[in-house]
Amino acid sequence: MGSLESGIPSVTRDPSLRSPSISLAIRRRLRSKFSHFRLDYLQWLCSVAVFLSFVISFTLFLPGLKDANINPRYLFSLRDKIAGLYFAEHTLRFEPSNVLLRFQREAVDLKHLSTFNVTLRRFSHRKPQLALVFADLLPDQQQLLMVSVGAALCEIGYDIQVYSLEDGPARDAWKKMGVTVSIVQSNYTTPIGIDWLNFNGIFVNSLEAKSILYCFMQEPFKYLPLFLIVDNTALAIRAKEYNSTGQTELLNVWKKIFNRATAVIFPNYALPISFSAFDSGNFLVVSGSPAVALDADSVLSLSGRQSYEEISLGSGDFVIGIVCSHFFYKGLWLEHALLLKAIKPLLADLGEVSASHVRILIFCGTSSSKYSVALEAIAQKLGYPIGTVEHKAVDDDANRFLRLADLVIYGSFLEEKTFPEILIKAMCFGKPVMAPNLSMISKYVDDRMNGFLFPKGNLKTLREIIKQLVWKGKLSALAHEVALRAKVTARNFGASEAVEGYAQILETILRLPSEVSTPKSVGDLSPEFKKHWKWDFFGAVVTPVYQNRTLRSLSFLGNDEELWNQTLRGSLGKTGAEELFVYSIWEEQKSIELTAARKKREDDELKDRTEQSHGTWEDVYRSAKKADRTKNDLRERDERELERTGQPLCIYEPFLGEGTWPFLHVNSLYRGIGLSTKGRRPGGDDIDGPSRLPILNNPYYRDILGDFGAYFSISNRIDRIHKNAWIGFQSWRATANKACLSAVAETALISSIQSKKHGDALYFWIRMDKDHRNPLQQDFWSFCDSINAGNCKFAFLEALKRMYGFNFDLSDLPPMPSDGDTWSVMQSWALPTKSFLEFTMFSRMFVDALDEQMYEEHHQTGHCYMSLSQDKHCYSRVLELLVNVWAYHSARRMFYVDPLTGLMQEQHRLHNRKGRMWIKWFSYVTLKSMDEDYAEEFDSDHPRRRWLWPSTGEIFWQGVLERERSQRHKQKERRKQLSKEKIERIKRRQHQKALGKYIKPPLEELDNSNTTMVQ
């Protein structure tokens, strides 16, 4: 296994080396690199120099040189530089990156922390969970690979679940292993209802599962370990078209998907180079895949007898196939020339008498390359008859030519990190193979057992091996025997590397919670899981119909592009006549707005010219406050809000991100509360938590408080948003795990509340003894310890000491007895609103005590002593169980509500709690006095230290009432004083005397005169 980053040099064809010449770079390497070799190796080099001098003199007159744009004068210098020749290992080198090392550095040893004298423990109560996601369940090479790897992972201690967008025959193979298979109905508009937080790692085995990949780019699944497996070049081919056609937005979407993955896994080193445009430093290579063996099986089952006439071969011809590396590098032409030089003396022996029956096919490069011209020139200079040596491009049908070959020679001296796939295919076809003793090849090929090895610097050995393999123009018995063993070996080639590679990735990257067991080492795995692919799990269902996965991927990408273009066209709006119509409407609206603005300006000018009555600043302030309080009432209330007003209960569902939307209810009994301003449901009446509690804008506290952020947000001035007598909360994960209240249970709960059957009680509907984290059904404190690295009790004690101000060592925890009853988990419960405010009052002080002891180290390093690794949630798992401690010791009745039937069972009856409850410490009087002390300290002393408590809710104590009463009295006295002053000003005001007095005349005079008298 290895990895690649963008720092790897590009493996491309050098234009200056497309013909039998040597580049300018070789001219600069004059110092000999071979002085330490044996004398026979120097003699071999001299013979090569003599041979190439004839090649150069001949190729100077070839017409292909002009087309290749090679300066002929550089070829004469070859004789002076033959001692400085650099082969493949000097021109191309693989440099594995340290992707896994980065994760290993992050895995800090946290068994002993210096800040606290505590020990971290792992309890191993359940196995780590893995999800394997497929686009379909067709029996192809990827299914066979993952079934083989999955069987090994299950053996060393993992649990696996399979999700697929489409069903298929491979489902039976997973069922044989006992793995659960689920078919997901999904597209880009339908939400996916899977709680991915249940899994410790996710493998997505195809880019065709793009609709599921979108889930992992949203909260709360954004940081789960995601492994993306890419096994073909379909997207790399399309990416070039995206750049040329200007579809950069679609290309950027794929780049974001690659960037989101924790690791992108490839089966060989050629693929990551093709995907270099998507590399963000997370590429890994896990060698080993059954794809080559399956491809060979399909060719053997479909092809039948090959037609020799298709490639102008005679039925009696002896064919030698020379294959090479994936990569076309500088020294390749020289290596092929040396092989041809070594084979030339054997032509007569191979063809019995005449060399006309020997054909040499060289597979490398592309069909557009001029490499064929160079090979033909070299072959003619060496004395090969015309047509004996032929170049076949890699993009031709290599399967057909390999089947026609009688003997296959690996003609590349490049040290690669993985075994050459084309050599595996030749072995699967039952061909005897010969290869240089490179480290990667000699690791898997035993000389004369399943192949033949020769020193890359000693071609004399190569000639001797060929003589042993060919007898009178036919393969010898030794060749057939070795080829048969090689065929068996090649069929299961790479199984061990794949199993070990995937297991190592999981061991290095996954950070398992403390209640999850650590899997066994892959070294302890039985050899039967590593030596063979799981062919028996598939039987005969793996047929050639399903083999060409690249075509299926290209078809998917084509459909995806069409859908993308349709969406893009829809977002751009109308065109043509419809576009002109829209433009006319816009012009009309613009003229209306201009007219309205002009009229408003004229009205304002007239208003300034008239006398206006100005009120006091108190009147302005009062009007502004009134408008602020009533601005939300100006909108039209929807039906759910109106129905909710008359209900006794409202259940709030805290959520974070779009990934939780499929699990939220949309009826009047429920209401969502978003923990972030982003990811809110459009058109819903969800509560914006950060607007009610600004501390939720801080990502650190939003993550660490979890659902308690929603509790504090709602309790902050609760009368403005919650007007129901009872309040409830339900985690979105309850719905995802099918543990939410059914319609029957909802009716039973509301009926019990309305009848006041149980009084002030806590109702919950998710049991601790049924939680998947508690398979052993432990007691309360043991379970809390198991999910908090063994330090739940220590953290609780420290928090109580800080909260109540104990100066002595508190050694006893509040008792939570194991009396056969159960407790609440997953924060899904309901209780009276008044009791909820009391609980949040206790919780605010408890959270502040936890924050005081953990903030410094956790905020700086990401580590806390309640987790075995970096954990942004830290003490949120303690808060999940806090409601049980408060309800038990504050003498609340506790009832479990069956989420399906609505049947209620009382837990921990009050008469059994006598003598066990800490009522003194959890009573309302005690908590209220402590809350007022906190508020008085903040309101009076204004401490400058970092303090979480004031940011989690209201600050209220008796002094606030007195201050407000005093302020209201001062305002009242001020208004009275202003009124008295106004009256005095009116009294002191001087009045002008009347100019005349009207005297009403007698009635008889009114009939005869209209005059008046003025005195």
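The values are calculated or read from the model by the stated rules, or taken from the named source; none is laboratory data. Keep in mind that this is a model prediction, so the values were computed, not measured. Cβ coordinates were reconstructed from backbone atoms using ideal geometry, including for glycine residues, and neighbour counts include every protein chain displayed. Just the protein is used for accessible areas: all its heavy atoms, side chains included, with ligands, DNA and RNA removed. Shrake-Rupley method; radii C 1.70, N 1.55, O 1.52, S 1.80 Å.
Here is how the numbers come out for the structure above:
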| read-out | value |
| --- | --- |
| Relative contact order (%) - the stretch 773-896, alpha-carbon pairs under 8 angstrom, separation at least six | 32 |
| Hull volume in cubic angstrom per residue (convex hull over the Cα atoms of the stretch 162-293) | 138 |
| Residue (of ILE727, PHE780, PHE794) at the positive-pole extreme of the stretch 720-806, dipole from beta-carbon charges | ILE727 |
| The stretch 795-840: equivalent-ellipsoid semi-axes (sqrt of 5 x gyration tensor eigenvalues, Cα, Å) | 25, 18, 9 |
| Filter on LYS255/LYS738; LYS330/LYS381; LYS770/LYS914; LYS127/LYS770; LYS341/LYS472; LYS381/LYS460 - keep pairs with C-alpha separation over 23 Å | LYS255/LYS738; LYS770/LYS914 |
| Selected from TRP957, TYR924, PRO943, residue furthest toward positive end of dipole (the stretch 901-973; charges at beta carbon) | TYR924 |
| Segment GLU602-SER782, length gained on full extension (0.36 nm per residue, minus Cα span) | 57.1 nm |
| Heavy-atom accessible area per residue - the stretch 413-541, 1.4 Å, Å² | 43 |
| The stretch 435-494: relative contact order as a whole-number percent, Cα under 8 Å and 6+ apart | 30 |
| Chain lengthening between TYR223 and HIS532 when straightened (0.36 nm per residue, less Cα-Cα) | 107.8 nm |
| Reachable lysines, given that their alpha-carbon falls under 16 Å from the alpha-carbon of LYS417 and they are not under 8 places away in the same chain | LYS443 |
| Modelled FRET efficiency - R0 25 Å, ARG102 with SER521, Cβ distances, 0.05 increments | 0.70 |
| Which of LYS530, LYS920 is most accessible, then next, and so on - probe 1.4 Å | LYS920, LYS530 |
| For SER164, solvent-accessible area (1.4 Å; no DNA, RNA or ligand), Å² | 0 |
| The stretch 427-491-the stretch 764-824 distance, computed between alpha-carbon centres (Å) | 67 |
